[in-house]
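Inspection log for the structure reproduced underneath, given as structure tokens.
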Amino acid sequence: MTIDQFNFAGKKAFVRVDFNVPLDENFNITDDTRMRAALPTLKKILADGGSAIIGSHLGRPKGVTEKFSLKHILKHLDELLGIEVQFANDCMGEEAAAKAAALQPGEALLLENLRFYAEEEGKPRGLADDATDEEKAAAKKAVKESQKEFTKKLASYADCYVNDAFGTAHRAHASTALIAKYFDKDNKMFGYLMEKEVKAVDKVLNDIHRPFTAIMGGSKVSSKIEIIENLLNKVDNLIITGGMTYTFTKAQGGKIGLSICEDDKLDLALELMQKAKEKGVNLVLATDAKIADSFSNDANTKFCKVNEIPDGWEGLDIGPESEKAFAEVIKGSKTILWNGPTGVFEFENFTHGSRSVGEAIVEATKNGAFSLVGGGDSVACVNKFGLAGGVSYVSTGGGALLEAIEGKVLPGIAAINE
Ligand code: AMP
């Protein structure tokens with residue numbers, strides 16, 4: 001079932017959204033992108049004459065925690081939806097059930113943080129540090145058992161289930177995946193956001209126009225290894241940048257000074273280079289760096305060859321020669337995936353490389369390329385540089401997006417398609 005085909009009139013929908021927004025110390029929302037992203041789905045349900053029972057997590061609470069209460073975002077949700085949304089102080093219990101049952105067409109109810117219950121994630125809590133393996137196994141079994149009741153209860157509030165939380169689609173949690181089995185195929189669907197995400201991922205996985213270029217930045221090879229290996233089977237060009245650069249440089253015998261490096265991944269870096277060669281993938285690494293004499297925005301800086309970084313200095317961004325080389329590859333591409341900055345973009349003086357990558361992607365997109373930007377920091381990058389409007393799609397998913405591109409089946413997606 002697709003959300004466009006579904007008529008919500010007179011129906012109660014359990015909608016799993018990702019309202020895990022950043023809050024400041026006074027509980028003000030500092031970035032409401034995730035809330036806005038779910039609005040088309042919520043508005044469609046209400047406009048049809050349905051009612052929405054909204055479930056989300058906020059943060060990583062280990063139990064009921066005032067700081068992570070969804071009541072902090074209620075007022076803003078009212079403003080965004082233009083109605084007074086009701087609130088249940090607990091996602092379980094009589095209050096939630098009664099409020100859900102009494103909902104009228106066009107009304108919405110926000111449930112308290114689903115992760116106040118260990119059952120949402122299905123992971124035991126409060127285990128002693130010295131718990132034995134047996135105790136751990138028993139606790140796990142117990143939470144898995146009670147998770148069934150928890151999930152069934154959530155499902156009992158509604159006639160249909162809508163998953164619009166792409167950010168948690170890679171987790172087989174109660175409200176993101178398990179709940180779907182309580183609804184038949186005609187009564188469960190993706191929300192609009194999820195539909196868009198799934199389509200965008202599908203394009204870079206299955207509808208590739210060539211050349212296909214992936215730009216992988218960020219700090220560590222170890223956190224990106226699976227996706228890099230997977231991409232080697234798909235892309236024509238693979239630009240590996242950011243802090244990962246120096247592991248590759250050192251592996252080839254270069255001098256990297258104090259630059260970030262994973263010494264236990266040197267062999268892996270060489271292996272990846274070899275694999276790229278065997279597969280005919282053009283692996284592009286930086287040739288020069290913007291180096292600094294301390295890890296700070298105000299450090300003294302200069303440019304040098306990436307493999308000749310003096311002692312006491314560290315590479316915090318790519319240099320102009322690399323920018324040019326990266327831009328050339330990007331501009332000649334028809335499918336582009338960008339994850340991770342070229343340098344420490346949080347420091348204004350080391351944003352140039354990431355900005356130039358973003359600009360090259362925008363230009364390629366103007367010339368007909370499909371460009372997908374995703375994973376926490378790259379989204380922050382395109383937003384910071386005001387380039388989000390110039391790329392084809394900015395994903396709201398971090399881990400979920402990377403796992404999808406690794407080729408993994410995401411539980412949240414599978415549960416709807418089953
Ligand atoms: P990730 O979370 O793996 O995508 O990495 C993003 C982080 O990598 C950002 O916080 C950047 O500051 C950091 N980063 C990028 N380039 C470098 C570098 N040359 N040295 C240290 N950190 C870097």
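The values are calculated or read from the model by the stated rules, or taken from the named source; none is laboratory data. The structure displayed is predicted, hence computed values, not measured ones. Here the Cβ positions follow ideal geometry from the backbone for every residue, glycine too, while neighbour counts run over all protein chains shown. Calculation scope for accessible area: heavy atoms of the full protein, side chains included, ligands and nucleic acids excluded. Shrake-Rupley method; radii C 1.70, N 1.55, O 1.52, S 1.80 Å.
Starting from the Cα of Asp133, step 7 Å along the direction of its Cβ; do the same at Glu363; then give the gap between the two resulting points in nm.
So the two model labels end up 5.8 nm from each other.
For the pair Asp263 and Ala172, what calculated FRET efficiency results from E = 1/(1 + (r/R0)^6), where r is the Cβ-Cβ distance and R0 = 22 Å, to the nearest 0.05? Walk me through the numbers before you get to the answer.
Details: r = 35 Å, r/R0 = 1.58.
The calculated FRET efficiency here is 0.05.
Quick one: if you stick a label point 7 Å off each Cα along the C-beta vector at Glu84 and Gln104, how many nm between them?
Taking the simple label geometry, Glu84 and Gln104 are separated by 1.2 nm.
With the chain treated as a Gaussian network of Cα nodes joined by springs under 10 Å, which of Glu107, Glu406, Glu308 yields the largest mean-square fluctuation?
Glu308
How would Arg60, Arg115, Arg355 rank on accessible area, largest to smallest, probe 1.4 Å?
Accessible-area ranking of Arg60, Arg115, Arg355, largest first: Arg60, Arg355, Arg115.
Given R₀ = 35 Å, what would the calculated FRET efficiency be for Ser219 paired with Asn417, taking r from the Cβ atoms and rounding to 0.05?
On the way: r = 34 Å, r/R0 = 0.98.
Plugging the Cβ-Cβ distance into 1/(1 + (r/R0)^6) gives 0.55.
Given a Förster radius of 60 Å and the C-beta distance between Asn7 and Ser296 as r, what FRET efficiency does 1/(1 + (r/R0)^6) yield to the nearest 0.05? Present the calculation step by step, with values, prior to reporting the outcome.
Numbers: r = 58 Å, r/R0 = 0.96.
The pair Asn7/Ser296 has a calculated efficiency of 0.55.
Can you work out ³J(HN,Hα) from phi for every residue in the range 401-418, in order, using Karplus 6.51 cos²θ - 1.76 cosθ + 1.60 and θ = phi - 60°, giving whole Hz and x for Gly and Pro?
Those phi angles translate into 5, 4, 5, 4, 6, 5, x, 6, 7, 7, x, x, 7, 4, 5, 7, 6, 5 Hz.
Using amide H atoms built in the peptide plane, which far-off residues or other-chain residues are under 5 Å from Phe370 H to H?
Thr335, Ile336
Determine, for each peptide in 22-34, 225-237, 2-14, the mean count of other beta carbons within 10 angstrom over its residues, then list the peptides with the highest first.
Values: 22-34: 12.4, 225-237: 18.7, 2-14: 16.2.
Highest mean packing first, the order is 225-237, 2-14, 22-34.
Dipole of the chain (Lys/Arg Cβ +1, Asp/Glu Cβ -1, origin at the Cα centre): which of Ala13, Thr2, Leu39 lies farthest to the positive side?
About the Cα centre, the residue reaching furthest to the positive side is Thr2.
For the chain, find the longest principal axis of its Cα atoms and tell me its angle to the long axis of helix 93-102, 0 to 90°, nearest 10.
80 degrees
Under a 5 Å amide H to amide H cut-off, with H placed in plane at 1.01 Å, what residues pair with Leu110 once short-range neighbours are removed?
Amide H neighbours of Leu110: Ile54, Gln86, Phe87, Ala88.
May I ask you to list the residues of the range 273-290 whose amide nitrogen lies under 16 Å from a point 7 Å from Cα along the Cα→beta-carbon direction of Glu308?
Counting only backbone N, you get 287-290.
Placing +1 at every Lys and Arg Cβ and -1 at every Asp and Glu Cβ, with all other atoms neutral, what dipole size does the range 30-183 have around its Cα centre, in debye to the nearest 20?
Values: 22 positive and 24 negative charges, 77 e Å.
Using Cβ point charges on Lys, Arg, Asp and Glu, the range 30-183 gives about 380 debye.
Past 29 Å, Cα to Cα: identify those pairs from Lys148/Lys408; Lys302/Lys331; Lys136/Lys188; Lys140/Lys234; Lys196/Lys331; Lys75/Lys99, in the order given.
Details: Lys148/Lys408 25 Å; Lys302/Lys331 27 Å; Lys136/Lys188 34 Å; Lys140/Lys234 38 Å; Lys196/Lys331 25 Å; Lys75/Lys99 18 Å.
Cα-Cα > 29 Å for Lys136/Lys188; Lys140/Lys234; rest within.
With θ set to phi - 60°, apply the Karplus curve 6.51 cos²θ - 1.76 cosθ + 1.60 along the range 357-370 and write out the HN-Hα couplings as whole Hz, x wherever there is a Gly or Pro.
Taking θ as phi minus 60°, the curve returns 4, x, 5, 5, 5, 4, 5, 4, 5, 4, 8, x, 6, 9 Hz for the range 357-370.
Net charge around Lys302, counting only other residues with Cβ within less than 11 Å of its Cβ (Lys, Arg = +1; Asp, Glu = -1)?
Details: positive: Lys290; negative: Asp288, Asp293.
Net local charge, Lys302 excluded: -1.
Just to be sure I understand the model, the point goes 7 Å from the Cα along the line to the Cβ. What's the resulting Asp159 to Val64 distance in nm?
Once both label points are built, they end up 3.3 nm from each other.
Please list the equivalent ellipsoid semi-axes of the chain, computed as the square roots of five times the alpha-carbon gyration tensor eigenvalues, in descending order and whole angstrom. Don't jump to the answer; show the numbers that get you there.
Working: eigenvalues 353, 113, 86 Å².
Taking √(5λ) for each Cα gyration eigenvalue gives 42, 24, 21 Å.
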